[in-house]
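Data block below; observations after.
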Amino acid sequence: MSFAKSVWKILVAIKDGLVLLFLLLFFAALYAVLSIRPAPGQVKDGALYLPLTGFVVEEASEISPTAFLSGNTPVAEYPARDLSRAIAEAATDKRIKAVVLDLEAFGGGASVHLSQIGAAMDKVRAAKKPVLVRSLIYTDDAMQLAAHASEVWLDPMGGVVVTGPGGSLLFYKGLIDKLKATVHVFKVGTYKSAVEPYLRTDMSPESREAMQGVYGAVWQNWQDEVKKARPKADLAPMLTDPEKWVADSGGDAAQAAVKSGLVDRVGDGVDFGKRVAELVGADEDEGLGGFKSTDLSIYLADKKPSKAGKAIAVVTVAGEIVDGDAGPGTAGGDRIADLIDGVTDSKDYAGLVLRVDSPGGSVMASERIRKAVERVKAKGLPIAVSMGSLAASGGYWVATPAQRIFAEPSTITGSIGVFAVLPSFENALPQIGVTTDAIRTTPMSGQPDILGGLSPQVSAVLQGQVERIYGRFLGLVSKSRGKSPADIDKIAQGRIWDGGTARQLGLVDEFGGLDQAVAWVAKQAKAETFHAAYVMDAPSPFAQFFRQMETGEAPAAGSHDLAGALAARQQGLLVRLEADLMRLTTDGGIKAYCLECAGEERAAALVSDGQARVGLFAMLMQFMR
């Protein structure tokens, strides 16, 4: 019997070994296949075709294979610089007869990024080439892009829905009181409203003042851009009395858009395709309405960026700044500091541009990035910061070592302030029959105690730390901007500013985008010829494979009428609710974070995080019953 058991164990061990060997060989083969880069397809004479089925972002996030395999299909993300480069290249490419954008499944993007793409579209039109755009529904973001087109097409069942920035914010004091939880807030700054959702039931007057000013400026910039790009557009009827605007066209929203000069022609996808085919040639293989075209990936592979002259390193800080190696798409402090240190250690770069598109986050991670930039500065290399749609709070912290700061008029920046939030449940637990008792050898034993409550001593220590870090923040900005800490304090206090006002206040040196920042650094480095060299982590073959497989569309893609489009714009509120509650219960540490900037954050990231946050929200709802 024992002999049989021994033989059986040997057979099982052999079986397990063979299975393991098979798996190792399988994944080794898969890795080898993914590592092989296929030759790019050929660019056709025809249109550069850009069907945008997701979000325009500063930096695309890396897809997690586990998330993909779990069935949570990621939403497509398009780096703004890829789109703008491809469109600009098409202006002088004799093979490209027209640029075509399909925005039916477009999820949107930050105004600064859309302006960048719009400027590239203007170059194509200046080269006497047509730019055509179609969509079922034009929201604010889609309309901003469409304004730069020579022909704007609208589906007869669609319309234009421009609402302007604004909407409801979420406040949780009533929920927190109902749960009998206690929220301990440690902050500095009259305008640091990131903590207001946990303390109030509405906006403070100071927060309302700051947000109204910033979003008013961003909205005015949007209108100015659309009117300049499309002079015949009459926005007033739609913005002042949308009900009458549609009624005057017999309830036909598409015709109302035509009469206002917002769109040029009404037709479905087939009609649009036939029109493009008239300009660039038909492609019978694509069926009815098919036209000759080249897609974005093939075109970018064909049009490699120039590497002539000296290399100016560009390191991107995109998304919330967090501790660790997170990213891309999230600004992991250790990861980005390592990238910047690579610039310091290399002899290949003549200077550094830090591209910032972040609402801030962890103070410690922001400081790691800032110190890495200081090490580049100590090497004697010129440094500039290029602000994207956001460079607020921790996003401004990392910008302080720069010798020159560039921003756009619609950039949201400032928010110079810090805070910490800790919940405790000493009053909530007895409601469900749970009590606490403690043994303490010092006033700090067991602190901070989220179950039994925070002691006065630990509260005082935390408030002192927040005030000390705020003082350091003021000192960094003061040194960077050549002003006294007292002068900086007057424009700090956690208040956000639009790029135009920030320039007037001296928080920004010059209007301009990434190209202008690179050119400035090159000039300081005395480089007559130069190119931008993007310093980034090489994507894993697995991530590249899953990115190619992604098929998800933006949430708005499922909205096939005006009512659905309006409803889809509000879906983010539910995700924001869960995100805010998760931040309250899980995000420790002192933060330099701009909650007011959340409207400019990448919606795709919020959507992808939503599934993970359902559990917390459901738990709270159960507790409230």
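The values are calculated or read from the model by the stated rules, or taken from the named source; none is laboratory data. Keep in mind that what you see is a predicted model, and the values were worked out from it rather than measured. Here the Cβ positions follow ideal geometry from the backbone for every residue, glycine too, while neighbour counts run over all protein chains shown. The area values use the complete protein model at the heavy-atom level, side chains included, leaving out ligands, DNA and RNA. Shrake-Rupley method; radii C 1.70, N 1.55, O 1.52, S 1.80 Å.
Using heavy-atom solvent-accessible surface (probe 1.4 Å) with all chains present, what is the largest-first order of Tyr78, Tyr534?
My answer, sorted largest first, is Tyr534, Tyr78.
Do you know the relative contact order of the stretch 81-206, to the nearest whole percent, from alpha carbon pairs under 8 angstrom that are 6+ apart?
On the way: 165 pairs, mean separation 25.2, N = 126.
Here the relative contact order equals 20 percent.
Treating cross-link reach as a plain straight distance, find the aspartates and glutamates whose alpha-carbon is under 19 Å from the alpha-carbon of Lys173, omitting any fewer than eight places away in the same chain.
Glu196, Asp202, Glu206, Glu426, Glu578, Asp580, Asp587, Glu596
Using square roots of five times the C-alpha gyration tensor eigenvalues, list the equivalent-ellipsoid semi-axes of the stretch 233-311 in whole Å, biggest first. Before the final figure, lay out the partial values.
Working: eigenvalues 286, 104, 14 Å².
So the three semi-axes of the stretch 233-311 are 38, 23, 8 Å.
Could you give the nm distance between label points at Ala247 and Asp341, where each point is 7 Å from its Cα heading toward the beta carbon?
6.7 nm
List the residues, sorted by chain then number, that are 5 or more residues from Ser393 or on another chain and whose placed amide H is less than 5 Å from its amide H.
Result for Ser393 returns Gly414, Ser415, Ile416.
So, counting K/R as plus one and D/E as minus one, what does the shell of residues with Cβ under 14 Å around Gly269 add up to?
-2
How charged is the neighbourhood of Gly506? Take every other residue with its Cβ under 11 Å from the Cβ of Gly506, and add Lys/Arg as +1 and Asp/Glu as -1.
Overall, the nearby charge balance is +1.
Considering the Cα positions of the stretch 177-221, please state its Rg to one decimal place and its Dmax as a whole number of Å.
Rg, Dmax (Cα atoms, Å): 13.5, 44.
Tell me the per residue accessible area of the stretch 319-383 using a 1.4 Å probe; a whole number in Å² is fine.
Heavy-atom accessible area per residue stands at 34 Å².
So how much slack lies between Gln220 and Asp202, counting 0.36 nm per residue of separation and subtracting their Cα-Cα distance, in nm?
Gain on stretching Gln220 to Asp202: 3.9 nm.
Express the carbon and sulfur contribution to the solvent-accessible surface of the stretch 248-406 as a percent, rounded to the nearest whole number, probe 1.4 angstrom.
Carbon and sulfur: 45 percent of the exposed surface of the stretch 248-406.
What is the distance in Å between the Cα centroid of the stretch 478-501 and that of the stretch 458-472?
Their Cα centres are 20 Å away from one another.
Could you tell me the number of lysine pairs in the stretch 185-332 with C-alpha atoms less than 17 Å from each other, where the two lysines are 8 or more residues apart or belong to different chains?
4
Nothing charged except the Cβ atoms of Lys and Arg (+1) and of Asp and Glu (-1): what's the magnitude of the dipole of the stretch 372-497 about its Cα centre? Round to the nearest 20 debye.
Dipole about the Cα centre, nearest 20: 780 debye.
Can you list residues whose amide H is under 5 Å from Val317's amide H, if they're 5+ apart or on another chain and H is modeled 1.01 Å from N?
Distant-sequence amide H within range of Val317: Arg355, Val356, Asp357.
Measuring with a 1.4 Å probe in the full set of protein chains, what accessible area per residue, in whole Å², belongs to the stretch 60-193? Each step should come with its number before you reach the end.
Values: 4760 Å² over 134 residues.
About 35 Å² of surface per residue is accessible.
Can you pull the one-decimal nm distance between simple spin-label points at Ile14 and Glu528, each 7 Å off the Cα toward Cβ?
7.5 nm
How big is the dipole moment of the stretch 69-218 about its Cα centre under a simple scheme where the beta carbon of each Lys and Arg is +1, that of each Asp and Glu is -1, and everything else is neutral? Debye, nearest 20, please.
Working: 17 positive and 16 negative charges, 64 e Å.
Once rounded to the nearest 20, the dipole reads 300 debye.
FRET efficiency for Thr240 and Ser168, Cβ-Cβ distance as r, R0 = 30 Å, nearest 0.05?
E between Thr240 and Ser168, to the nearest 0.05, is 0.85.
Just to be sure I understand the model, the point goes 7 Å from the Cα along the line to the Cβ. What's the resulting Asp285 to Asp177 distance in nm?
The modelled label-to-label distance comes out at 6.7 nm.
Sort 378-390, 520-532 by packing, meaning the average of other beta carbons within 10 Å per residue, with the highest value first.
The densest-packed peptide leads the list: 378-390, 520-532.
How fast does the stretch 428-500 diffuse by Stokes-Einstein, in µm²/s, taking the Kirkwood radius from C-alpha pairs at 4 °C and 1.567 mPa s?
In µm²/s, the coefficient rounds to 83.
Over the stretch 159-207, with every protein chain in place, what whole percent of the accessible area is carbon and sulfur at 1.4 Å, could you tell me?
Roughly 51 percent, rounded to a whole number.
Between the alpha-carbon centers of the stretch 88-115 and the stretch 159-200, tell me the distance in whole angstrom.
36 Å
Give the separation of the Cα centroids, the stretch 317-349 to the stretch 207-271, in Å.
So the two Cα centres are separated by 40 Å.
Using a Cα-Cα cut-off of under 20 Å, which lysines could be cross-linked to Lys371, ignoring same-chain neighbours fewer than 8 residues away?
Result set, ordered by chain and number: Lys347, Lys379, Lys479, Lys591.
If packing is taken as the mean number of other Cβ atoms within 10 Å per residue, what is the order of 299-310, 365-376, highest first?
Per-residue Cβ counts within 10 Å, averaged per peptide and sorted highest first, yield 365-376, 299-310.
Going by average Cβ neighbours within 10 Å, how do the peptides 280-288, 325-333, 92-100, 139-147 rank, with the highest at the top?
139-147, 325-333, 92-100, 280-288
Let me know the charge dipole size of the stretch 92-173 about its Cα centre in debye, to the nearest 20, where only the beta-carbon of Lys, Arg (+1) and Asp, Glu (-1) is charged.
On the way: 9 positive and 8 negative charges, 82 e Å.
Computed charge dipole of the stretch 92-173: roughly 400 debye.
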